[in-house]
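Data first, discussion second: the structure below is written as structure tokens.
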Amino acid sequence: MPDAEFILVTTTAPTQELAERIARAAVEDHLAACAQVTGPISSTYRWREQVESATEWSCQLKTTRNQFAALESRIRALHPYEVPEILATDIAAGSKPYLEWIKTEVEPTPRP
């Protein structure tokens with residue numbers, strides 16, 4: 001099982017409640033095997049020619065590359081930001097049983 005098929009998707013949200021809603025929706029919809037919400041975090045960014053600061057909550061979701069497009073779409077549907085952070089990072093290596101669990105949770109089971 002090539003590890004590169006597994007990714008960690010990161011997004012941020014303006015409230016803990018929204019970050020937890022994204023996490024729950026992704027797991028319930030089998031778009032992510034699990035998610036962790038952490039925060040608050042302090043974010044500084046440039047938006048429309050201004051340097052801004054905000055308090056946000058981070059949500060990290062474990063999934064497969066095959067599920068990225070659907071997960072991105074689900075995050076966008078729930079998110080109030082015009083341009084939400086949605087980043088995918090390859091998982092270079094991991095425990096084989098853990099990676100198999102991720103795949104089992106998010107990939108459709110083939111029907112005979």
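The values are calculated or read from the model by the stated rules, or taken from the named source; none is laboratory data. What you are looking at is a predicted structure, and each value in this text was computed from that prediction instead of being measured. With ideal geometry, Cβ positions are generated from the backbone for all residues, glycine too; neighbour counts draw on all protein chains shown. Side chains included, ligands, DNA and RNA excluded: accessible areas come from the protein's heavy atoms. Shrake-Rupley method; radii C 1.70, N 1.55, O 1.52, S 1.80 Å.
Just a few scattered comments:
- Computed on the range 1-63, the Cα convex hull volume stands at 101 Å³ per residue.
- The chain: Rg to Rh, with Rh as the Kirkwood radius over Cα pairs: 1.02
- Simple spin-label estimate for E72 and Y45 in nanometres, 7 Å along Cα-Cβ: 1.6
- Surface per residue (accessible, 1.4 Å probe) for the chain, Å²: 62
- Tilt relative to the chain, helix 16-28 - C-alpha long axis, 0 to 90 degrees, to 10: 20
- Long-range HN-HN contacts of A32 with modeled amide H, under 5 Å: V27
- Using just its DSSP H runs of length 4 or more, each adding -39500 (n - 2.57), the chain gives a mean residue ellipticity at 222 nm of -9500 deg cm²/dmol after division by all residues.
- Here the chain exposes an accessible surface that is 52 percent carbon and sulfur, computed with a 1.4 Å probe and the other protein chains kept in place.
- With Cα atoms, 0 to 90° folded angle of helix 96-106 axis to the chain main axis: 80
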